[in-house]
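To start, the structure under review is shown below, and the notes come after it.
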Amino acid sequence: MKTPPRLDKGFLKAKNIIESSEDIKVYSHRDCDGITAGAIISTLLERLGKEHEIEFINLNQVENIKIENELTIFTDMGSGQRIEEITTSNSKIIILDHHPPLPRKNLKGELLELNPINHGIDGSTQISGGGMAYLLSKKFNQYDTSWMGVLSAIGDLQNSLTGKLTGLNNQILKDSTRLGQIEIIEDLSIYGRQTRPIFVALSYFSDVNLPITNNKTESILLLKKLGIPYKEGERYRCLCDLTMEEKRKLFSELVKMLSREVPPKYVKYIPQLVSAEAYDLTSEEKYTPLRDLAEFSTAINACSRNNDIELAIRILKGERGAALDELESVSRTHRRYLAEKVELIETEELLKQKKNLQYFKTTEIKDNVIGTIAGMIIGYGDWRKPIIGLGIREHGTKVSLRCSRLLALDGIHFGSIIRKIAEKVGGSGGGHAMACGAYIPPGTENKFLELLDNSLKGKIG
Ligand SMILES: [Mn+2]
């Protein structure tokens, strides 16, 4: 896919604005996509020798910004916020975003808003915030940040449903394979290719409850049955160690197991559920958390959730050595936090069932990991229903939804469903087919769950 001509012109215009500005401030979102977008832009500005400052913020902070610099750039945010509230007669703003744009009125100053959605391109599967930042860098003939454009898309779960990168994401991927930065591998759709022993990685399979789900012993038995050694000497083998033949065996066995387990209407989606493209960074060592881009995005998320975005930027800009040790420690903290919270939900039996959905309410889990946790416990509940995590706060409730990819492959788009239901209770929301979220006013949680439950009648199962 090529950049649509009108959008391409927009990037050229952005280039001209940047070239004629000396004092630049960048705001970017605090998630993997936003952090990576920030790294791309700041790499660009550094190389241009432009004075700049970068700040990572939450979406709800945008409308409180005081514009003080000659040029302000927003990456991975801005489109869904009321920017007009912060513009002044001499403000100059560039927005590089891929979230649904708000209509603009009463704008002061200059605003150049570049958003794929305004060009008929889906912003949840075809290009990320970092992808937009990379397309701008391309206008300056900088191609070597393309791997970050790919990382952004993966961090934003743009490939999560189909297991592939499509549209403009694919164009960015091609730029980086051409440079030899990324190698594409046809693989099983199992997370942890480089760092998890294969039997551990298998036990996290949770789109459908299988005997191996949350069961390492069963996973080992499965590998033994297939004649796939899980150890090589003293070392546990990872997915990346498996031969093509071994992967094929495992693929067929998983397809067989799943076909026995799922209702007939889902059977046709099973091959898609089990296979996916994986992306290896060729410059990184095997068995490290930065080699596989899915694991890399987890590492960036770990930094963000531990409020150490600076570390994420150092890693993205190529620092290794001590930075890697710090990353390891941050990642360990992150994993421990997630494990504790999953255990909390289990021991306190927080997961409740409704007819068409399951949910947990909590005041004890950080907002920015509720979605991750919801995804982790799909395998503990009923995979046929989506899981909704509600983070109850005084000022409002953060809602995160995750579901088995089978539901989304079958055509349910929870991102649009959750947006409509959230609006009905006075909130807002959106996102991907299988991973999305919302903010709703305090006290509307039960109403929200009831409306959502009703809206799913006859659609799942
Ligand atoms: Mn994004």
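The values are calculated or read from the model by the stated rules, or taken from the named source; none is laboratory data. This is a predicted model, so every value here is computed, not measured. Virtual Cβ from ideal backbone geometry, glycine too; neighbours counted across all protein chains shown.
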**Study point:** the range 123-159, residues that are under 18 Å from Leu179 (Cα atoms) and charged (D, E, K, R)
**Key:** Lys138, Lys139, Asp144
Practice item. Return yes when Gly38 is crowded, with 21+ Cβ neighbours inside 10 Å, on the phi > 0 side of the Ramachandran plot and within 14 Å of the ligand (Cβ to nearest atom) and no when it is not. Key: no
Exercise for review: Would you be able to say whether some residue in the range 18-25 is in a helix (DSSP H, G or I) and surrounded by fewer than 23 Cβ atoms within 10 Å (Cβ to Cβ)?
Suggested key: yes
Exercise for review: Please find, within the range 381-415, the residue that is surrounded by the most Cβ atoms within 10 Å (Cβ to Cβ) out of those that are touching a strand residue (DSSP E or B) at 6+ places or on another chain (Cβ under 9 Å) and hydroxyl-bearing (Ser, Thr, Tyr).
Suggested key: Ser400
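Among the residues of the range 145-167 satisfying the criterion of being closer than 18 Å to Gly371 by Cβ and away from the ligand (no atom under 12 Å from the Cβ), which is surrounded by the most Cβ atoms within 10 Å (Cβ to Cβ)?
Taking the range 145-167 and keeping what is closer than 18 Å to Gly371 by Cβ, we get 152-161.
Still in the list and also away from the ligand (no atom under 12 Å from the Cβ): 159-161.
Numbers: Asn159: 23, Ser160: 20, Leu161: 18.
The extreme case among them is Asn159.
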Exercise for review: Can you give me the number of residues within the range 406-418 that are more than 18 Å from Val274 (Cα to Cα) and within 18 Å of the chain's Cα centre (by Cα)?
Suggested key: 5
Exercise for review: Look at the range 411-440 and say how many of its residues are free of Cβ contacts under 8 Å to residues at least 40 places away in the same chain and either among the acidic types (Asp, Glu) or not in a strand (DSSP E or B) (or both).
Suggested key: 15
Practice item. Determine which single condition Gln142 fails, assuming it passes every other condition in (1) surrounded by 24 or more Cβ atoms within 10 Å (Cβ to Cβ); (2) within 19 Å of Lys13 (Cα to Cα); (3) away from the ligand (no atom under 13 Å from the Cβ). Key: (1)
**Study point:** Subset of the range 55-75 [within 16 Å of the ligand (Cβ to nearest atom), among the β-branched types (Val, Ile, Thr) and buried (at least 17 other Cβ atoms within 10 Å of the Cβ)]
**Key:** Val62, Ile73, Thr75
Review point. Can you find a residue in the range 229-248 that is at positive phi and in the same structural domain as Glu277 (by TED's automatic domain parsing)?
Key: yes
Point to revise | Unmet requirement for Asp76, which otherwise passes all of (1) modelled with pLDDT under 95; (2) under 21 Å from the mean Cα position of the chain (by Cα); (3) not hydrophobic (A, V, I, L, M, F, W, C) | key: (1)
Exercise for review: Can you run down the residue pairs with Cβ atoms below 9 Å, 6 or more apart or on separate chains, where the first is in the range 238-257 and aromatic (Phe, Trp, Tyr) and the partner is outside any helix (DSSP H, G or I)?
Suggested key: Phe251/Leu188; Phe251/Ser275
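I need the helices (runs of 4 or more DSSP H) fully contained in the range 289-403, keeping only those with at least 3 residues that are of a type in the set (Lys, Arg). Give the steps one after another, and end with the answer.
Working: elements: 293-305, 309-316, 322-347, 370-376.
Filter on the range 289-403 gives 322-347.
Residues Gly381, Gly389: which one is of a type outside the set (A, V, I, L, M, F, W, C) and at pLDDT below 95?
Details: Gly389 fails: at pLDDT below 95.
Of Gly381, Gly389, the one residue that is of a type outside the set (A, V, I, L, M, F, W, C) and at pLDDT below 95 is Gly381.
Determine which member of the set Gly192, Gly123, Gly180 is assigned by TED's automatic domain parsing to the domain that holds Tyr266 and of a type outside the set (A, V, I, L, M, F, W, C).
Numbers: Gly123 fails: assigned by TED's automatic domain parsing to the domain that holds Tyr266; Gly180 fails: assigned by TED's automatic domain parsing to the domain that holds Tyr266.
Only one candidate qualifies: Gly192.
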Review point. Pairs under 8 Å by beta carbon, first residue over 19 Å from Ile65 (Cα atoms) and modelled with pLDDT of 95 or more in the range 27-48, partner more than 13 Å from the ligand (Cβ to nearest atom) and among the acidic types (Asp, Glu), six or more apart or different chains?
Key: Leu48/Glu19
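Which one of Ser28, Ser79, Ser91 is more than 16 Å from the ligand (Cβ to nearest atom) and among the hydroxyl-bearing types (Ser, Thr, Tyr)? Steps first, answer last, please.
Working: Ser28 fails: more than 16 Å from the ligand (Cβ to nearest atom); Ser79 fails: more than 16 Å from the ligand (Cβ to nearest atom).
None of the other options fit; the residue is Ser91.
Evaluate the following for Ser176: is it part of a helix (DSSP H, G or I), out of contact with any Leu (no Cβ under 6 Å at 6 or more places or on another chain) and away from the ligand (no atom under 16 Å from the Cβ)?
On the way: part of a helix (DSSP H, G or I): yes; out of contact with any Leu (no Cβ under 6 Å at 6 or more places or on another chain): yes; away from the ligand (no atom under 16 Å from the Cβ): yes.
Considered against the rule, which asks whether it is part of a helix (DSSP H, G or I), out of contact with any Leu (no Cβ under 6 Å at 6 or more places or on another chain) and away from the ligand (no atom under 16 Å from the Cβ), Ser176 comes out as yes.
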